[in-house]
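The structure appears below as structure tokens.
The values are calculated or read from the model by the stated rules, or taken from the named source; none is laboratory data. Since the structure is predicted, the reported quantities are computational estimates derived from the model, not experimental observations. Here the Cβ positions follow ideal geometry from the backbone for every residue, glycine too, while neighbour counts run over all protein chains shown.
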Amino acid sequence: MEEHIHIDETTLLNYFTGSVSLFEKDIIKQWIEQSEENKKLARDIQSICLASEALNTIKLTDASASLKTVKRKIKQRKRAGLFIWLQRIAAILFIPLLLVSAYYWLREEPVEYMEFTTTPGMITSIDLPDGSKVWLNSGSKLIRPLKFTGKTREVSLTGEAYFQIAKDPDKRFIVSSGEDLKVEVLGTKFNIEAYEDENYIATTLEEGSVRLLYKTEDKKLNTLVMHPNQKVIYCKNTGEAKKKETFVSSEIAWKEGKIVLRDTPLEAVLKKLSHRFNVDFIIEREAIKKSSFTGTFDTQQLIQILEHFRIASGIQYRIIEPELGEKTIQTKSKVVLY
């Protein structure tokens, strides 16, 4: 005859405390394996029995008192389990929320840029968002962000520009001229000449101080501090930077539409004229390279300036206009000096 055993919390309590027969033990094992609910109840009873408090309770009280204690522990465990479950849900919800918040807090907004370009013979001025002002010379390009963010104010220059920088001790102003040279300032007035077709970058300081960062021939980073009335010429080919005193008003006269010469060598004069009037010069007679000129030109056209050279030093010239045709691309005019 098959014997039936009623299995409840008390039976399980006796099972885990070793107070059942071998036969009862096998029956209870089979009952535990019958469902997940049975397994869970058995695990709860076992956990409580393993606790020292439960063991002491079992030893000191009768079965009825033990059952009350067990039921109380089960309820506490259920409440604790519910609390832990809610904590886990909160944690699961909190992590994505934290990640989303961090994304919006830490993400960098895409930087929008503005580009300013001057055509040959054109000079323009640009107001920057920090209150600084830039004069852009003929045939030049300036790229700046729509607004300055972060710890620096950085722009990129190709060609020539004069900068009047608003002071901001917390944000350095940086002008990049290609990959080889940068100018760092806090608040000052200076000029940079960095045309792509020239093998040098020239920086002239009118007011304040600037620090040049440039790459040497072996690609090491060097620094050089400039003071007012100084000019630094950086050679792109050799990575050398040479500093000298200069006549600043002559260097920056272009922003007023003037060309100011003070015993300026012919080749330096021709570079100014080339950028101003978008022409190429060819020197056929080497001896005239030794010529230098002094004078101020403001509203004069190229022909008038060339006439001045002819009268002052006997330099002759002829102009070769670009050829136009179906298969010919228009190029710059050429001026031959002899």
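Only residues that are in a loop (DSSP other than H, G, I, E, B) and buried (at least 17 other Cβ atoms within 10 Å of the Cβ) were counted across segment 137-160, and they come to 5.
If the condition is being among the polar types (S, T, N, Q) and either at pLDDT below 90 or touching a strand residue (DSSP E or B) at 6+ places or on another chain (Cβ under 6 Å) (or both), then segment 279-292 contributes only SER292. Evaluate segment 161-173: report whether one residue or more is crowded, with 16+ Cβ neighbours inside 10 Å and hydroxyl-bearing (Ser, Thr, Tyr). Checked against the condition, which is being crowded, with 16+ Cβ neighbours inside 10 Å and hydroxyl-bearing (Ser, Thr, Tyr), segment 161-173 yields at least one hit. Summed over segment 169-212, the residues that are under 14 Å from LYS231 (Cα atoms) and part of a loop (DSSP other than H, G, I, E, B) give a count of 2.
Given the criteria in contact with a helix residue (DSSP H, G or I) (Cβ under 6 Å, 6 or more places away or on another chain), farther than 22 Å from VAL134 by Cα and outside the structural domain of TYR214 (by TED's automatic domain parsing), does LEU302 qualify? The answer is yes for LEU302.
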